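One structure is given below, encoded as structure tokens.
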Amino acid sequence: MFDSIHEECGVFGIYDKHNTDVATSAYYALYALQHRGQESCGIAVNDDGIITAHRDMGLVPDVFTPRVLEELGEGNIAVGHVRYSTTGCGNRVNAQPLMVKHIKGPMVVAHNGNLVNAAELREQLELNGAIFHSTNDTEVIAYMITAERLKCGSIEEAVDKAMDSIKGAYSMLIMSPTKLIAVRDPNGFRPLCMGKLGESVIFASETCALDSLGAKFFRDVEPGEVVVVDKDGIRSNKNHCGKYKSSMCVFEFVYFARPDSVIEGASVHIARQRAGAYLALEHPVQADVVIGVPDSGLDAAMGFAKQSGIPYDIGFIKNRYVGRTFIQPNQGQRTEAVKIKLNALKSTVNGKRVVMIDDSIVRGTTSARIVRLLREAGATEVHVRISSPPFIDACYFGTDVDSKDKLIANHKTVKEIAEMIGADSLGYLSVENIHKIAEGAKCTFCDGCFTGKYPVEPPQSTQKDKFELKISEVSK
């Protein structure tokens, strides 16, 4: 619906020594992680080595009805996933968790991120006889682990060996008939935390999922770490730790994560407020009210207001029942469709000079529509402030930032963008200051989409559907 950015997915896993209702725990956790993916979702449950799974297109409460949860039954391990497609088109076959069966037993994989060498690995696997059923890179990971498992004494050893070959972003959970394994790529592009609830050990993309279950945060999984949980307890393999400088995606703090989550020791809510404060220092303006575009712009707007002394108020009402999967019947109805999801509050903006805070501008069309809403509601001036730097390049690590030729900042100056979206002025947060927003974070950040400098060599193709295009080229 909007030309905004999306994260690929969220993952959750739980291990208990005894059979419990782990499916319901996964359901509540995925509900808390719904913001990370709204195309499809899935849960797999392990009951004494027998794995039952259900996955489908749609939101968590729509896919997992009481009947479906009852059919999943009780078990001692569960893995869950919510997805928004960046690699692999959005259809049921690409929904996760992914289950594969081989001579050493079944395995379930749930993955957050993107591999930069997925197409090359897939070609290699297909030449060795592998048959693929999806177009996502999670299936590539599953086959790489399976290939190593046939030569290794344990699944955790196979995971360790596979990490020598797979490159890019992968925070993932792997379930075997007896173990739950959490893995994070050596750069730590995507978050993955660990918690405890009684005797249960839990892993999740964000701490808000732990909170939804009443679990206590234990620690973050380290970049490059493999954590194994089974009947003997918890053990860690750090063979791949410390290979590279940590490169957490900074947009976890700007946009993706829920404000109540804590990532790498830093509060998302406070990070966004700091982004707004830096914006006020970098791009001051005379105005009457500061408003934020829901939801990630709200915290930044609060920070801007506190720093600038301009009053903060609610400027938009968001329709909570319209998700990212909302589709317009045709192109001509897109302008009207924005009003279905967002409406300006006239009592806040009428007759006032407004500072509007948003998290990003991709192509500019959505920003233009939102500014127009404010004008129609009576705003005399609209000054747009963006709590991130301009996008100048694509992302290859699990964020749906399109190829650079479609990014407006590559074709127009800041002044030209302001004119195009109808703003009286426009200001972006600087690259220097975006690295300062997550005070106390135990990591450094990837800023490749703002600078074109990546911590891992990107693939040659820059199209959003680069993986499918590469596959089609290989199959000719």
Degrees, to the nearest 10: 118-127 long Cα axis against longest axis of the chain: 30
³J(HN,Hα) computed for each position of region 48-55 - Karplus, 6.51 cos²θ - 1.76 cosθ + 1.60, integer Hz, glycine/proline x: 6, x, 9, 9, 10, 9, 9, 8
Total charge dipole magnitude, region 348-412, about the Cα centre, Cβ charges on Lys, Arg, Asp, Glu only, Debye to nearest 20: 320
MRE, 222 nm, helices only [DSSP H, n ≥ 4, -39500 (n - 2.57), over the chain, to nearest 500]: -8000 deg cm²/dmol
Calculated FRET value between N343 and K415, using beta carbons and R₀ = 22 Å, to 0.05: 0.15
Under Karplus coefficients 6.51, -1.76 and 1.60, residue-wise ³J(HN,Hα) of region 386-401 in Hz, glycine/proline x: 10, 7, 8, x, x, 6, 10, 8, 6, 10, 10, 10, x, 10, 7, 8
P(r) of region 176-303 over all Cα-Cα pairs, binned every 10 Å from zero, in whole percent: 12, 34, 29, 15, 7, 2, 0
Percent of C-alpha pairs per 20 Å bin, the chain, short to long: 25, 55, 19, 1
Residue (of S347, P191, A78) at the positive-pole extreme of the chain, dipole from beta-carbon charges: S347
Among P390, G427, L298 the positive-end extreme of the charge dipole of region 262-451 (Cβ point charges): L298
Cα shape, region 9-244, gyration tensor, a/c 1.5 rule: rounded
Exposure proxy ranking, count of Cβ atoms within 10 Å, fewest first, for K406, K352, K231: K231, K406, K352
Net charge over other residues, Cβ less than 12 angstrom from the Cβ of K453 (K, R count +1; D, E count -1): -3
Alpha-carbon centroids, region 353-399 and region 19-64: separation in whole Å: 34
Sorted by Cβ density within 10 Å, fewest first, the residues T399, T135, T413: T413, T135, T399
Fewest-first sequence of V140, V221, V290 by Cβ atoms within 10 Å of each Cβ: V221, V140, V290
Nonlocal amide H pairs with S40, under 5 Å, H built at 1.01 Å: G58, R83
J(HN,Hα) series, region 371-379, from Karplus relation 6.51 cos²θ - 1.76 cosθ + 1.60, nearest Hz, glycine and proline x: 4, 4, 4, 5, 4, 5, 7, x, 5
Lysines whose Cα lies under 17 Å from that of K404, excluding same-chain neighbours fewer than 8 positions away: K412, K453, K464, K466
For the chain, size of Cβ-based charge dipole, Lys and Arg +1, Asp and Glu -1, in debye: 640
Cα shape, region 27-133, gyration tensor, a/c 1.5 rule: oblate
Mean separation of Cα contacts under 8 Å, 6 or more apart, over the residue count of the chain: relative contact order %: 15
Computed FRET value (nearest 0.05) for R320 with K151, which takes r as the C-beta separation and R₀ as 41 Å: 0.25
Over region 262-451, equivalent-ellipsoid semi-axes from the Cα gyration tensor in Å: 24, 21, 17
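Rule-based calculations on the coordinates, nothing more; no lab input. Treat the numbers as computed from the prediction; the structure is a model and nothing was measured. Glycine also receives a Cβ, built like all others from the backbone with ideal geometry; neighbour counts cover every protein chain displayed.
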